[in-house]
Structures are given as structure tokens and as C-alpha cells.
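Engineer: Structure in C-alpha cells, see below.
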Amino acid sequence: MSREVFEARYSDEWSRLERILHAPSTRRREKERASAGIRHSARLEPHDEAELPELYRRVCHQLALVRNRHYGTDLESRLNGLALEAHEVLYQSRALHPRDLARLLLVTFPRRVRQERALVLVATLLFVLPAVGMLLACTVSHDLVTTVVPPRVAAQIGEMYGPSGRQARPGSTDLAMFGFYVYNNVGIAFRTFASGLFFGVGAIFFLVYNGFFMGAFAAEIGRLGYETSFYSFVISHGAFELTAIALSGAAGLRLGFSILGPGNRTRATALRQEGRQALPIVGGAAVYLVIAALLEAFWSSSAVVPQSVKLAVGAALWIVVLLHLSLSGRRGDQARPDRARVRAA
Amino acid sequence: MFRGKAPLTESEVLPFDAVRRVETPEGVTLTLRVAGPLPRLYAALVDGAIRGFAYSIAAVVLSLLHDLGQGPLLLVLFLGEWAYPVLFEVFRRGVTPGKSLLGLKVVNGDGTPVNLTASMLRNLLRFADFLPFGYAAGVLSILLTDDFQRLGDLVAGTVVVHADSPRPRASRGLRVPDVPPVAPPVPLHAHEQRVIVGFAERLATWPPERARELADLASGLTGAAGQEGVTRLLGHASWLVGRRRKAGEGER
């Protein structure tokens, strides 16, 4: 068959496919279906819906013929474009549902944390050991504080956490602080994760640096003797914030280690797979940090709540965090086939 | 009539083009035209400008609230920095406003629309691309990978492609002129056929001197130079698109 006959015979079909793909109603219906969470939603009217897969398969077949018979690049690129577009509609991924967020927080996130517990431990140590080391060092020689804490900040510590501190803070500052904590802390968690790509170095840097900072900060608080007011302030949001720092560090290390030790995969494949695996941990850490920001801005700094209540609630929140990470979604853990195999063996 | 020839090899099809091939479950290979660094830079600049504009509007509006506006402004900055690209890519099928202006879009490596996981990964990793300064790592990665992927694209398994396929020549009024078909003296390879048909289709867009100059390159085939070479090439092209003795009427 000559090219011109071929084109004449099938061009109706192609225009029909084009019409289906570009019909304005298809875009609207797609949205409705996306919000209803229908799988592989074809964004189509019912009669189009039946026709599209058929037309798509035919255009794939015709594209193969066009290539095999060398009908020419323009026809080939037209059919390639059509097939691509139809392919895109037929193979789009399932639309998001609020249920997915709940599942991320209650199942996927804690489960991934448990699966990465070795890395989480490493990340925690990379954070805690420098903090303790710095605390001890600064206690011995208090000049060291200003090596990591800017002098201006160090000078304000007394004002902020002293017995008279934070009393006079107006309500508008609470909101400003919330915005700042989200912008700053969630941003740091994301950067910690991303920079882990460079063989884990970036994640290690953020963990150790934050550890040093907090150690020095704590040493300064100890020197001034403001422990009670300081720890009653940080304990509540610290439950979420400190955990989230360690978790985003662990996720960053996961990225870096996938390049260092890809196993029997190519490094590119390992990176893709491990990145996908690490993402729920980063997402969970981000949610933790938003919770921490809410607590830090509106609860921890409250002048009305007595310190003893803050300490009690803070301790309870630590327990909640640890229970969430160690127990939530555990039923699913045990149903995992690889676990079952291990037990059988 | 051309059956029995060896199948096309990649170098025969599109020798220098930046193209990524994707095999579908239907067993046909689709080609994605991946976008190079320059259009992507422009798209990023447009997106940056849009964000900057939105920030300044937010700053002006929120300044009416005095101190109370500071917190929301920081939230706007946060969303602009981290959520802007993800929201557009997920809800507008891989297209941010900047990409839309440049005709680009993000797709998964297999050509399907980018999903939330992939979009979040590639945009979180933007910070790694930024390091150590001014997107140096990202540019390096784009230049070193076959499909122009920055680090975020590598982790997410995504590519940035030109969204619109080139307009077919026929729709621009470019087709092989209706001249009597002449069979080529020797059997031609697929890429040779393409070149000749392409020449005939685009003839109208060149000055005659340029057409003769190009036809001279094929004098080995046509055995003629100048205008005669052009005419013979057109005859071959006409034959190659399937026309036979009576021009305009194909054989079955």
C-alpha cells in the first residue's frame, strides 16, 4: 500500500482520536474522576471511553507500519505524537485521595522508619554525640560556645529563657514565629535529605552541625542556670523536632548509601528505588516539623501554662512519638511476605 | 516493496537528535523529545519571576496586617519555594507556568504523566542541584546525562520533554510536489529515502540556489548537477512516497 493510500484510509481514525483527546469535556471529566479517585481514569465520555483503547492500539500498530514501510518522518511524528498522548491518558497514575495522606502518616511513614532503623540509629548518633561532646566541651571552656552559636544569639539566650523571658510576647509574634519555624525547619529537613545525595556527606554535615549547635546552646543555658524554664519550653516541640531532624538525616543517608553501595543494581537504579523508599520518611518528618512549629509557637511559649504542666505534656508527647514510630502500622509489617519467610526459616 | 531490508538502526533514524525511546506495553516504541538546558533555564527563570511577583504581592497585602502578616508571609515563601513546582506538576500534568510558556513538560521516564512521588522527589532534590552554588551540580548533571536529567530527575526517574510534537510538514502545506514518479536506479537505505523525501517536502522553503546546492550533494545518485539534479531527486521522492506512473494516483 502506498503512503498516500495509507493516509487516506486511516486519516479519519486519526482525526477521531485527536478529537477524543482534545475534546474539552474530556478535561472536565478527568477532573471529576480524579476527585472521585477512580483508577486509571480515562478522562472521557462513556462512548469515547470504549473507543479510546481500541483507537490507541490501532494507532500503535499503524505507527509500527509507518516505520517499517518508511512512509516518512512527518507522518511518523504525527502518529508518534498521537500515540504518546493516548498512552498518557490510558496509563496515568491513580488520582490522589485524602485517604493516601492518612495512610502515609499512620502506616507507610512509621513502617519505613522501622525498616531503616539502623540508619535512623546512625543519624541519631551523628546528632546526639556531637551535641553531648559540645555540651561537655563548652562546660569546660565556655568560650567554645561562640564557635557555633553566633555571639548575638548567645547574648539573647539570657533574655529569652530567663525567668522573666517570653512573658511580654504579643500574640502576633506567635504567628510570625510559626511561619518562621515552618519556613526554616521544614526547609532544613528538606535540605538535609537532598544534600544526602552526595554520598551522605550533606546529611552528615547538617546532623553534626545541628548537634554542635544544640550542645553549645544547652551549655550556655546550664551556665546561666535557666534549665527549668528552657527545658519546659523545648520538651514539647522537641519531641517532634529533634526526631524529625534525625529522620530526615536518615533519609538523606539512605540516598547517599544507595550510590556508595548499590548492591547488584546499577547506581542509577539504586538511586531511583531508594529515593522512592526514603520519600515517606521525609514526608513524615515534614509533618512532624509542622506539628513542632505549631507547638513551639502556640504552646511551648505560652506564659499561662505552668512549667510543670509543660514538662508533663512534653514527656507524654515524647511517648506518643516513640509509640507512633514503633507501633503504628505494625500489623502490616507482619503481613509482609519477606518477614513471613524469615520466620518460617 | 521495501520489505526485507534490515530494520532501522538507531543511528539511521535520528542521528543527532535528543530523543528518548520508550517501549509501550503495546510493543511499539514511542519517542520523547527531551529538552536541553537552555529552554529549561528559561522556564526556570519564568517560574522564578512569577514567584517573585507573587511574593511581592503577598508582601504588600500582608503588610496591611502589620506584625500579624509576618507569619503568613513566611508561609507563602515556604510554599513558593517547595510546593509551587510540585502542585503545578501534579495537577497540571507536568507543566509549571514557566514550562508551559516554553512548551516543556515533566514526564516519568516511560512517558506517562509525572506522579506525586516523582514530582516531590525531583523538587526536593532541587537543593542538591543547586549546590555548591547557582545550580552548578544540576547543570553538570544535565550536560553529562543522555536525557538531560538533573540530579532530581535522576532520583525521580523523570525527564523534561518538549510537549508539542513538531507540526507535521503536510499541515504546513509542505508535501512532495506532484511530479511524475521515477524509480531510483539503485535500492536505497531507509535513511537515504528519508533524506530524499525530506528534500522534496522542504523544497519550497529554500531559494533555488540552495536547492541546487543540496541536490548537487546527491549527484552520485542522480548523475546530474544543477536544476536537472533537483528535478531527478523530486521524481525519486515522488516514487518513494508511493506514487506510480499516473501522478497523484497510488497503487494498492
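The values are calculated or read from the model by the stated rules, or taken from the named source; none is laboratory data. Predicted model only: the values in this text are computed from it and were never measured. In this analysis, Cβ positions are derived from the backbone assuming ideal geometry, glycine residues included, and neighbour counts consider all displayed protein chains.
Engineer: Of all residues in segment B:54-72 being within 44 Å of the chain's Cα centre (by Cα) and within 7 Å of chain A (Cβ to nearest Cβ), which is surrounded by the most Cβ atoms within 10 Å (Cβ to Cβ)?
Structural biologist: B:Gly71
Engineer: Output the number of residues of segment A:1-14 satisfying the condition of being closer than 15 Å to A:Cys60 by Cα and within 12 Å of chain B (Cβ to nearest Cβ).
Structural biologist: Here the count works out to 4.
Engineer: If you don't mind, there's one more thing I want to ask. If we keep just the residues of segment A:209-229 that are of a type in the set (Gly, Ala, Ser) and part of a helix (DSSP H, G or I), which is surrounded by the fewest Cβ atoms within 10 Å (Cβ to Cβ)? Write out each step before concluding.
Structural biologist: Taking segment A:209-229 and keeping what is of a type in the set (Gly, Ala, Ser), we get A:211, A:215-216, A:218-219, A:222, A:225, A:229.
This time we only want the ones that are part of a helix (DSSP H, G or I), so: A:211, A:215-216, A:218-219, A:222, A:229.
Values: A:Gly211: 25, A:Gly215: 27, A:Ala216: 24, A:Ala218: 21, A:Ala219: 23, A:Gly222: 15, A:Ser229: 18.
Among those residues, the one meeting the criterion is A:Gly222.
Engineer: Moving on. Across segment A:105-152, what is the number of residues that are more than 17 Å from the chain's Cα centre (by Cα), in contact (Cβ under 8 Å) with a residue 60 or more places away in the chain and not in a helix (DSSP H, G or I)?
Structural biologist: Qualifying residue count for the region: 1.
Engineer: Scan segment A:199-219 for residues that are under 24 Å from B:Ala137 (Cα atoms) and among the aliphatic types (A, V, I, L, M) and jot them down.
Structural biologist: Step one: list which residues in segment A:199-219 are under 24 Å from B:Ala137 (Cα atoms), which gives A:199-209.
Once the filter is applied, which keeps residues that are under 24 Å from B:Ala137 (Cα atoms) and among the aliphatic types (A, V, I, L, M), segment A:199-219 yields A:Val201, A:Ala203, A:Ile204, A:Leu207, A:Val208.
Engineer: Can I ask one more? Of these, A:Ile245, A:Ile291, A:Ile235, A:Ile259, which one is modelled with pLDDT under 95 and over 30 Å from B:Gly152 (Cα atoms)?
Structural biologist: So the residue among A:Ile245, A:Ile291, A:Ile235, A:Ile259 that is modelled with pLDDT under 95 and over 30 Å from B:Gly152 (Cα atoms) is A:Ile235.
Engineer: A further question follows. Looking at this structure, is B:Gly103 under 20 Å from A:Arg94 (Cα atoms) and under 17 Å from the mean Cα position of the chain (by Cα)?
Structural biologist: no
Engineer: Among the numbered conditions (1) surrounded by fewer than 23 Cβ atoms within 10 Å (Cβ to Cβ); (2) touching a helix residue (DSSP H, G or I) at 6+ places or on another chain (Cβ under 7 Å), tell me where A:Leu247 comes up short.
Structural biologist: A:Leu247 satisfies every listed condition except (1).
Engineer: Okay, next question. Is it the case that some residue within segment A:81-100 is in a helix (DSSP H, G or I), at pLDDT 90 or above and under 21 Å from A:Ala278 (Cα atoms)?
Structural biologist: Looking for residues that are in a helix (DSSP H, G or I), at pLDDT 90 or above and under 21 Å from A:Ala278 (Cα atoms), one finds none in segment A:81-100, hence no.
Yes/no matrix, rows are residues, columns are (1) among the aromatic types (Phe, Trp, Tyr); (2) crowded, with 18+ Cβ neighbours inside 10 Å; (3) touching a helix residue (DSSP H, G or I) at 6+ places or on another chain (Cβ under 6 Å); (4) assigned by TED's automatic domain parsing to the domain that holds A:Tyr161:
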residue	(1), (2), (3), (4)
A:Tyr231	yes, no, no, yes
A:Gln273	no, no, no, yes
A:Gly284	no, yes, yes, yes
A:Gln307	no, no, yes, yes
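Engineer: Looking at the structure I just gave you, is B:Ala211 aliphatic (A, V, I, L, M), closer than 23 Å to A:Asn68 by Cβ and in the same structural domain as B:Leu233 (by TED's automatic domain parsing)?
Structural biologist: no
Engineer: In addition: For segment A:59-88, give me each residue that is in contact (Cβ under 8 Å) with a residue 40 or more places away in the chain and either within 41 Å of the chain's Cα centre (by Cα) or crowded, with 20+ Cβ neighbours inside 10 Å (or both).
Structural biologist: Passing the criteria: A:Val59, A:Gln62, A:Val66, A:Tyr71, A:Gly72, A:Leu75, A:Arg78, A:Leu79, A:Leu82, A:Glu85, A:Ala86.
Engineer: Any residue that is in the same structural domain as B:Asp146 (by TED's automatic domain parsing) and either under 24 Å from B:Arg122 (Cα atoms) or in contact (Cβ under 8 Å) with a residue 24 or more places away in the chain (or both) - is there at least one of those in segment B:57-69?
Structural biologist: no
Engineer: Something else about it: Would you point out which residue out of B:Asp47, B:Asp129 is within 11 Å of chain A (Cβ to nearest Cβ) and under 28 Å from the mean Cα position of the chain (by Cα)?
Structural biologist: That would be B:Asp129, the only listed residue that is within 11 Å of chain A (Cβ to nearest Cβ) and under 28 Å from the mean Cα position of the chain (by Cα).
Engineer: Taking segment A:104-143, which residues are charged (D, E, K, R) and either loosely packed, with under 15 Cβ neighbours inside 10 Å or over 30 Å from B:Arg92 (Cα atoms) (or both)?
Structural biologist: Correct list: A:Arg111, A:Arg114, A:Glu116, A:Arg117, A:Asp143.
Engineer: Looking only at residues that are hydrophobic (A, V, I, L, M, F, W, C) and over 22 Å from A:Gly283 (Cβ atoms) in segment B:83-126, which one is nearest to the other protein chains (Cβ to nearest Cβ)? Give the derivation first.
Structural biologist: Restricting attention to segment B:83-126, the residues satisfying the condition of being hydrophobic (A, V, I, L, M, F, W, C) are B:83, B:86-88, B:90-91, B:95, B:101-102, B:104, B:106-107, B:114, B:116, B:118, B:120-121, B:124-125.
Filter again for over 22 Å from A:Gly283 (Cβ atoms), leaving B:95, B:101-102, B:104, B:107.
Numbers: B:Val95: 12, B:Leu101: 20, B:Leu102: 18, B:Leu104: 15, B:Val107: 8 Å.
For segment B:83-126, the residue satisfying everything is B:Val107.
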